[in-house]
Amino acid sequence: MSTADPAARNAPCPCGSGKKYKKCCLAKSSGRGRVVRRSRSAPLHLYASTLVLAFCSIVYELLLAQALSAFLGNTVLRYSVTIGLYMLSMGIGALLAQGSVLKNSVLALQRVEVLLTVIGGASVMSLFVLHGLGLPGGLFSLAAHALIVVIGVLTGLEIPLLMELGAGQGEEAGNVLGVDYLGAFLGTVAFSFVCYPRLGLVPTAFLVAALNAVVGIGLFQFRKLVPGEQAGAHRRWIGVQSVLLAALVTCLSFSGQIGEFAVQLYLRN
């Protein structure tokens, strides 16, 4: 359907809303060069995904801050530096979300979620392993803070990509940002009162990474925004996330044994 054809502009919108094309998807896609096909469930799915992803990212950082407190001491310093680095890294990630990254927002977000699932899920256990191997204090601190920065950059990439998906569904960017802040708040509360005191560091990392994987699989909801030539890649990323989710569920089922192994590594040095 050509947006320059007056007859096409007055035709029923292909999204099934019952409105004329010019008053529905054409208006919503102005300046983007594409037709927006809006699913009724898409806004709810978008906001739920945003909430969960913000929840996951802040919990990853709090996990690292608490782990560093255990390994290096000085809890106030560890939390302060972690949150400061996290905010800085988010800004860097947001700056990287330009050009082709935003143009292919669904695939870009899928890649980000795969990375967060792997890095976030393995973050705490990797610190125990590095500590158990006797890595010198300076190198250990550098590796730990590198994890903080990487997770922060990936989180910073998430927000513009989610806003782009929201724009593709006719949603306001401010709404997406507001839900993101809410998810971060819920993550801090859940970590403080449930995750850390009742589950522990290692199981929490596995659980949160599994939530990340679920959201990554759920990006199938936005398949209509994926260009036809990239549909195969979109399905492959869904498959990768499915495998990761299965692996994390397995890790959760053995989290007791894995946690005990982590404690032994901690006590080794």
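The values are calculated or read from the model by the stated rules, or taken from the named source; none is laboratory data. Values in this document were obtained by computation on a predicted structure and should not be read as measured data. Note: ideal-geometry Cβ built from the backbone for every residue, glycine included; neighbour counts use all protein chains shown. Side chains included, ligands, DNA and RNA excluded: accessible areas come from the protein's heavy atoms. Shrake-Rupley method; radii C 1.70, N 1.55, O 1.52, S 1.80 Å.
Other residues lying with their Cβ under 11 Å from the Cβ of Val215 contribute a combined charge of -2, Lys and Arg counting +1, Asp and Glu -1.
For the chain, what does -39500 (n - 2.57) per DSSP helix run (n ≥ 4), summed and divided by total residues, give at 222 nm, in deg cm²/dmol to the nearest 500?
Here the helix-only value at 222 nm equals -25000 deg cm²/dmol.
Placing His45, His234 in order of accessible area, with the largest value first and a 1.4 Å probe, yields His45, His234. Only alpha carbons enter this Debye calculation for the stretch 229-269, each as an equal point scatterer, and the log10 of I(q)/I(0) it gives at q = 0.15, 0.18 Å⁻¹ is -0.54, -0.62.
Give me the orientation-averaged projected area of the Cα convex hull of the chain, in nm², one decimal.
Seen from a random direction, the Cα hull of the chain projects 15.0 nm² on average.
Look at where the Cα atoms of the stretch 144-198 and of the stretch 104-132 average out, and the two centres are 15 Å apart.
The accessible-area ordering, largest first, of the residues Glu164, Glu172, Glu229, Glu113 stands as Glu229, Glu172, Glu164, Glu113, per a 1.4 angstrom probe.
State the Kirkwood hydrodynamic radius of the stretch 144-184 in Å, one decimal place, computed from all pairs of distinct Cα atoms.
For the stretch 144-184, inverting the mean 1/r across all distinct Cα pairs yields 11.0 Å.
Taking the Cα centre of the chain as the origin, how large is its charge dipole in debye, to the nearest 20, when only Lys and Arg (+1) and Asp and Glu (-1) carry charge on their Cβ atoms?
The dipole magnitude comes to about 1160 debye.
Helices of the chain meeting both criteria, an alpha-carbon length of 15 angstrom or more along the long axis and an average Kyte-Doolittle score not below 1.6, with helices taken as full DSSP H segments, are 137-168, 201-218. Taking all protein chains together and a 1.4 Å probe, the residues Leu182, Leu85 rank Leu182, Leu85 from largest to smallest accessible area. Each listed q (0.11 Å⁻¹) maps to a log10 I(q)/I(0) for the stretch 127-227 from the Debye sum over equal C-alpha point scatterers, namely -0.50. For the stretch 46-191, pairs of C-alpha atoms spaced more than 28 angstrom apart make up 20 percent of the total.
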